[in-house]
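Values quoted throughout were computed directly from the atomic coordinates according to the rules given, and no laboratory measurement underlies them. Quantities reported herein were computed from a predicted structural model and do not represent experimental measurements. Note that each Cβ is placed from the backbone with ideal geometry, even for glycine, and that neighbours are counted across all protein chains shown.
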Amino acid sequence: MSVVNFVGARERCSSSNLIERFKGTLRRSELQGVFSPGELVAVKFEAGERDNLKYVRPLLVKAVVDAVYSLGGQPLLVDTLSMGSKASEVGRRWLEAVALHGFDVTSLGKSPMLADGYTGEEELLVPIEGDELGGVEVARAIAESQALVVISHVGAHPFAGLSGALVSCGVGCASLRGKERIHAPLRPLFMPDRCDGCGQCEKHCPHEAVRLKDDKPFLDEKKCKGCAYYCTAACPIGAVVIDGYMTKRFQKRAVDSALAVTGALQGKVYYINILMDVCPYPDCYPFSDVPFVPDRGILMSRDPVAIDSAALDILNESSGIRGSIADECDGLESSSDKLLQVTGVDPRDMIYYAKKLGMGSSDFEIRKA
Amino acid sequence: MQKEKVWFADANAANWVESLVAKAKDLFYEAKLNECIEKGDSVAIKIHFGEWNRTRCLRPELVAAIVEEVKACGGRPFVCDTTTLTYHPYSSRFIGNLALETATRHGFTEASLGCPVVVADGFSGDDDVRVEVPTGIILKEAYVAAAIAHADAMINLAHAKGHPVASFGGCIKNIGIGGQSKRGKYHEHLAHWGSPEDFLGWPARHPEKCLGLDCPFHKLCEDSCPRGAYHIDEHGHHFDAEKCWLCYSCQITCMFTGHECMVFTPDYFPYAQIAMADAAKGVMLTFKEGKVGHMAYCIDVDPNCDCIPWATLPVVPDIGVFASKDPVAIDAAILDMIDAAPAYPGGANKALDNVQGGYKQGQDKFAITQGTSPRYQITAGVKNGLGNMEYELVPYTPPYNEEHVAKWQIRPTPTTLIQREMWKKRDFILEAAPYKRVPFEEKPSYEDFKAGDRKEYLKKLPVKEWADAVGKD
């Protein structure tokens, strides 16, 4: 049975300070068995796209860095590039976002860096056996580390259902090329009956793959890289959609990649799921919307299946926030399947596939600090 | 008489252990400055931020070296300087926000140093602690910058160089002026001491020498006074002695634009040095016995202070780093070393050639470049109990062995081993090999790339002395 540690978000007095409880739980957790003193420990955080307001705060990332230091590890703070910019721009955009979001050597005690290089092409191909991908391009700095701590900001994910440990490890630790292959099955479908021809999808596509003809969008298949979020996120009326068979493949590929990442690190991976500011979109979106579930706390585990299952259970148990997307999707009830209702994608498919690949167990015990 | 020990390592370096950074770290322990710091102590590291456009300030790495060792001793360091007075019309450090912009421009940031960077006397320079100085020769009180006064320990980390008023700026000056708040600095400048006529507590004025509105700098001159103490009109120069608090701004403006109306009298300088030693004593009184260590980098020894917004060629070649627990002994040792050193070719010495015949090795260099000997501050520091000028100079040579090479490196074991491990996973060099190049047999002859005789060009160089020297060997 897997162990998932949990610290609740409520802070009733100075001595129940969340950061202190988080750090203390981390130090006592199975994290200490993940690496030996002196080893290089990649700490994967998500800097968040520029203009996103709900990214994980530097203070929480600093707590992880401190815990790694206190256990004798050498932390290496890394993030990877998101899809959708030119090679000459992409690293620069990340650096600007990192600066704006307050992740720097003064706040973290260590300068953050791009694990897949300035253009996202620095990688190590790791072969695996999975349904979708024969091998995955893992960001080089992560593949070169001796252990990995994945900090995930839990929220809804439009293609995976749940953005948690599996997605952050699989998609987040892949290089840009790896991400492109994971996203490859995704292709936007333009709903002609809903589309009013506003042209936002054409304007926002970074690859110039969408062209408007007679006020109707058309996709250039050769140019489309499948990031599928600039066009879908650009549409104000939900006329750009992704089909279910595409998202199923995306889920599998994300898990395949997560398997490659854990393989590259010989299983020396630790997962931290932050269940705070739970939003409808992941942090790689340039907006965040309001949270739809109240802050719950932080989960920690060595098992990505257990930790994502636990996160899913906790979110579904919670009542939704009035006025949020949960309200629009009939997800206010404390037993509603919120992530499925918000995204239309069932995260259980992804978790089940990961379990099938032997990545972890859905039989777990939550230990409250 | 007991001699205070001053440790010294020279500026030469030919290997890892001889890096000035490595030697500074060694000296920190040789001089037992680590004994000043107990675990948990708040430790002020007092440096000079340097004025905007000043290039001969300390480099951040030289400061970070000491920050790291203070941390290693369990101290909680912060690097600080204080607000200045308006020393010239474009002063860049007299309030907190300008001071921090200037510090950042010189690379003194939390990111580069690894600890907070603090303006020790607050935004406006009024945050201070008043200290009685019973042994003071001129000053009987000092106004010490609050962050320094409240710190548990201090490393007085000076840049040794000349100074237009104090003649020399070393460890005494780094706290004697640098540790004072704004009003402390006016106090130490001897503002309103005596009467306007004696020229000691006010600028030495020669209104008859003012060119009035004909002076091309008269507007700058008027603007240079932060108190609006004087103005220039068709009747010449008007001065309100009550308003003036002697910040030197008008004097610097007048003198450095080549004029002689607002100047100093020669007797001002010795008194300023004596007052500075008193103020330094005031700073030391805010610390318990044995809680202050003094270090100085004697490199880039410009004839003028880091508070001057330009830098010229040094007085002497780089000398090295010094450490001691006595601020007077360390300054005395540095001054002796500077005087004993040869003159820097083409430096301040050359500028003085026509006037005074320059200075010879062994002469009091700052007495010649600045017009006043810097030794008044040393003697005053002995008389007011700041320290002892009798010193024993302990030269330090780092051991050259594997262990010591490793001591101050970025990682304790050779980092090449990291690369070796990385190439085991994926070797980009072998993936690219063989590189596309001209076949080895067809390699060009490097003889074809030899440059010809350059004398023709050297003789035309704009530095006449150098051009004339070509071919004379």
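Things worth noting here:
- Placing +1 on the Cβ of every Lys and Arg and -1 on the Cβ of every Asp and Glu, with nothing else charged, gives chain B a dipole about its Cα centre of roughly 940 debye.
- Applying a 4.7 Å cutoff between beta carbons, the unpaired cysteines of chain A are A:13, A:169, A:173, A:195, A:198, A:205, A:224, A:227, A:235, A:279, A:284, A:329.
- Across all C-alpha atoms in segment B:315-473, the radius of gyration and Dmax reach 27.2, 78 Å.
- The Cα atoms of segment B:11-139 define a convex hull whose projected area, averaged across directions, is 10.4 nm².
- Residues whose amide H falls under 5 Å from that of residue A:163, counting only those 5 or more places apart or on a different chain, are A:155, A:156, A:157, with hydrogens built in the peptide plane.
- Semi-axis lengths (Å, descending) of the ellipsoid that matches the C-alpha gyration tensor of segment A:144-287: 31, 16, 12
- Of B:360/B:407; A:225/B:436; A:44/B:425; B:32/B:350; A:23/B:325, those spanning more than 30 Å from alpha-carbon to alpha-carbon: B:360/B:407; A:225/B:436; B:32/B:350; A:23/B:325
- Converting the Cα gyration tensor eigenvalues of segment B:114-242 into ellipsoid dimensions via √(5λ) gives semi-axes, longest first, of 34, 17, 15 Å.
- Charge-dipole axis of segment B:204-263 as Lys and Arg at +1 and Asp and Glu at -1 on Cβ define it, positive-most pick from B:245, B:216, B:228: B:245
- Distance from the C-alpha centroid of segment B:262-336 to that of segment A:150-210: 62 Å, rounded to the whole angstrom.
- Projected area averaged over orientations for segment A:131-226, convex hull of C-alpha atoms, nm²: 8.1
- ³J(HN,Hα), Karplus 6.51/-1.76/1.60, whole Hz, each residue of segment B:302-312, x for Gly, Pro: 5, x, 10, 6, 5, 7, 8, x, 7, 9, 10
- Neighbour cut-off at most 10 other Cβ (10 Å), DSSP loop, GluC sites (Glu not before Pro), segment B:376-406: none
- Of all DSSP beta bridges confined to the protein assembly as shown, the antiparallel ones make up roughly 55%.
- Rounded tilt (10° steps) of B:327-340 against the dominant C-alpha axis of chain B: 70
- For segment A:18-139, the antiparallel share of DSSP beta bridges with both residues in that region comes to about 40%.
- Segment B:268-346, dipole about Cα centre (Lys/Arg Cβ +1, Asp/Glu Cβ -1), debye to the nearest 20: 340
- Sequentially through segment B:238-252, phi angles give Karplus couplings (6.51, -1.76, 1.60; θ = phi - 60°) of 10, 9, 10, 4, 5, 6, 5, 10, 6, 9, 6, 4, 5, 5, 4 Hz, Gly and Pro residues having no value and appearing as x.
- For chain B, fraction of C-alpha pairs farther apart than 30 Å, in %: 51
- Scaled against 2.2 N^0.38 Å for its residue count N, the alpha carbon radius of gyration of segment A:300-369 is 1.21.
- Angle between chain A longest axis and helix A:347-356 axis [Cα atoms, degrees, rounded to 10]: 60
- Considering only chain B, percent of DSSP beta bridges that pair antiparallel, nearest 5: 50
- HN-Hα J in Hz across segment B:121-127 - Karplus 6.51, -1.76, 1.60, θ = phi - 60°, x for Gly and Pro: 10, x, 4, 9, x, 9, 7
- Note on segment B:355-473: with charges restricted to the Cβ of Lys and Arg (+1) and Asp and Glu (-1), its dipole about the Cα centre is near 360 debye.
- 21 Å Cα-Cα reach of residue B:455 towards lysines, excluding residues that sit fewer than 8 places from it in its own chain: B:464, B:472
- Descending semi-axes in Å of the protein assembly as shown, equivalent ellipsoid built from Cα gyration tensor: 62, 31, 30
- Kirkwood hydrodynamic radius over Cα pairs of segment A:210-264, then Stokes diffusion coefficient at 37 °C and 0.692 mPa s, in µm²/s: 245
- Cα centroid of segment B:413-452 to Cα centroid of segment A:39-78, whole Å: 36
- For the set A:223/A:252; B:46/B:185; B:161/B:281; A:62/A:179, the pairs lying more than 25 angstrom apart at their alpha carbons are A:62/A:179.
- Computed over segment A:228-369: relative contact order in percent, which uses C-alpha pairs under 8 Å that are six or more apart: 20
- Among the GluC sites (Glu not before Pro) in segment A:81-147, those placed in a DSSP loop whose Cβ has at most 13 other Cβ atoms within 10 Å are A:129.
- Whole-number Å³ per residue for the convex hull built on Cα positions in segment B:279-369: 107
- For residue A:149, the residues 5 or more places off, or on other chains, whose built amide H falls under 5 Å of its own are A:42, A:43, A:44, A:270.
- Per-q log10 I(q)/I(0), chain A, q = 0.08, 0.12, 0.14, 0.15 Å⁻¹ (Debye; single scatterer per alpha-carbon; no solvent): -0.36, -0.84, -1.18, -1.37
- Calculated SAXS-style log₁₀ I(q)/I(0) at q = 0.15, 0.22, 0.27 Å⁻¹ - segment B:204-263, Debye, Cα scatterers: -0.34, -0.79, -1.27
- Among A:110, B:350, the ranking by other beta carbons within 10 Å of each residue's beta carbon, starting with the fewest, stands as B:350, A:110.
- Acute angle (nearest 10 degrees) that the helix B:60-72 long axis makes with the longest principal axis of chain B, alpha-carbon atoms: 90
- Shielding by partners for peptide A:122-132, expressed as the average number of C-beta atoms from other protein chains within 10 Å of each residue's C-beta, is 1.
- Under the combined filter of DSSP loop state and at most 12 neighbouring Cβ atoms within 10 Å, segment A:219-261 retains these trypsin sites (Lys or Arg not before Pro): A:222, A:223.
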